[in-house]
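Engineer: To start, I am sharing the structure in question, which I have written as structure tokens.
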Amino acid sequence: MSVRINISGEVLTAYLEGELDHHSAKDIREQIDNAIDRNAPSLLILDFRDLTFMDSSGIGLVMGRYRKMKEFKGEIHITNTSPQIYKVMKLSGLDRLARIDKGGNNSESAKRA
């Protein structure tokens, strides 16, 4: 698991790659939080395009970054989720905390899920 962070103005984008599980979540969380603390963005984008697996640690990572961004009066958006990850996020209620955009490779049936 790795994360690549890009800052453009007041937007911080974290590109997550690989498997997000309890083994990798702490390191990813620290990297994103350090970038938030240094840059005080108004928008955090979590890009899940290259995420191949996510367990419940991913839900915790999103919830914690939501709380962190609230400290800065900022927002969080989640982009490029696979159909499975999108469904898990909707079922967990994360769509009440963040805007969640589906990835471009979703089938029509997955979009209705």
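The values are calculated or read from the model by the stated rules, or taken from the named source; none is laboratory data. Keep in mind it's a predicted model, so treat the numbers as computed, not measured. No Cβ is skipped: glycine too gets one built from the backbone with ideal geometry, and neighbour counts run over all protein chains shown. Only protein heavy atoms, including side chains, enter the accessible area calculation; ligands, DNA and RNA are left aside. Shrake-Rupley method; radii C 1.70, N 1.55, O 1.52, S 1.80 Å.
Engineer: Sort out which residues of region 34-78 are more than 18 Å from Lys102 (Cα to Cα) and either open to solvent by less than 30 Å² (accessible area, probe 1.4 Å) or hydroxyl-bearing (Ser, Thr, Tyr) (or both), and write them in order of number.
Structural biologist: Ala35, Ile36, Pro41, Ser42, Ser56, Ser57, Leu61, Gly64, Arg65, Tyr66, Met69, Gly74
Engineer: Right, something else. In region 39-65, what residues are more than 18 Å from Met1 (Cα to Cα) and either out of contact with any Asp or Glu (no Cβ under 9 Å at 6 or more places or on another chain) or touching a residue at least 60 places away in the same chain (Cβ under 8 Å) (or both)?
Structural biologist: Met63
Engineer: Which residues, taken from region 18-33, are open to solvent by less than 60 Å² (accessible area, probe 1.4 Å), farther than 16 Å from Tyr66 by Cα and not small (Gly, Ala, Ser)? Outline the logic, then answer.
Structural biologist: Initially, region 18-33 is screened for residues open to solvent by less than 60 Å² (accessible area, probe 1.4 Å), giving 18, 20-21, 24-25, 28, 32-33.
Of the ones still in play, those that are also farther than 16 Å from Tyr66 by Cα are 18, 20-21, 24.
Once the filter is applied, which keeps residues that are open to solvent by less than 60 Å² (accessible area, probe 1.4 Å), farther than 16 Å from Tyr66 by Cα and not small (Gly, Ala, Ser), region 18-33 yields Leu20, Asp21.
Engineer: Next up: Kindly evaluate Ala14 against the criterion of being open to solvent by less than 70 Å² (accessible area, probe 1.4 Å), at pLDDT 95 or above, part of a helix (DSSP H, G or I) and small (Gly, Ala, Ser).
Structural biologist: Numbers: open to solvent by less than 70 Å² (accessible area, probe 1.4 Å): yes; at pLDDT 95 or above: yes; part of a helix (DSSP H, G or I): no; small (Gly, Ala, Ser): yes.
No: the conditions fail for Ala14.
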